[in-house]
Amino acid sequence: MTEIGFYHLTRSGAEEALAPLLGRTLQAGHRALVRCRDEQRVEAVDAALWRMPEPLWLPHGTRRMGEAALQPVWISADDEVPNDATFLFLLDGVRAPDAGRFARVFDLFDGNDPGAVADARTRWTEAKALGHALAYWKQEPKGWTRAG
């Protein structure tokens, strides 16, 4: 089964947490898909990733840019996987009915929003019922702490 990590964001937004995770994904030789709730969010994530100082350069693309098959990181609001990604990053409570096709799934959620936390708990329960290997990561003042 797929390894699904739930990333409880407490001190940064999704974009700030996403950039280093994507950088490590590329360093490990994997391709990534970032799924957002809608096209407006796709554009916001795209713009934010271009402004991130670390990693210095994070190659990525969206439907607007095209050439999906050439993009190591693809940002989308669709269920498509046009870049053959093996790692999936979920933002904004987006669900992944196709999680089993990926080696790893990263579910990033806003720990300062009680509704987002409750929804993440529901997604955890659903993923556990499907037999996925689960991990919980919480942002701390200096890095991440893993539990579960």
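Structure notes:
- Taking V34, V42, V81, V73 and counting other C-beta atoms within 10 Å, the order from fewest to most: V81, V42, V73, V34
- Proportion of all alpha-carbon pairs of the range 3-147 beyond 18 Å (%): 54 percent
- Model label zone, A133; criterion: amide N under 18 Å from point 7 Å along Cα-to-beta-carbon; scope the range 93-112: 99-107
- Ordering D38, D107, D92 by the number of other Cβ atoms within 10 Å of each residue's own Cβ, fewest first, gives D38, D92, D107.
- Summarising the label geometry, the points placed 7 Å from Cα in the beta-carbon direction at A44 and E80 lie 2.3 nm from one another.
- Contour minus Cα-Cα distance for D98 and T145 (0.36 nm per residue): 14.2 nm
Values quoted throughout were computed directly from the atomic coordinates according to the rules given, and no laboratory measurement underlies them. Note that this is a predicted model, so its numbers are computed, not measured. When we count neighbours, we look across all protein chains shown, and the Cβ atoms used for this are built from the backbone with ideal geometry, even at glycine.
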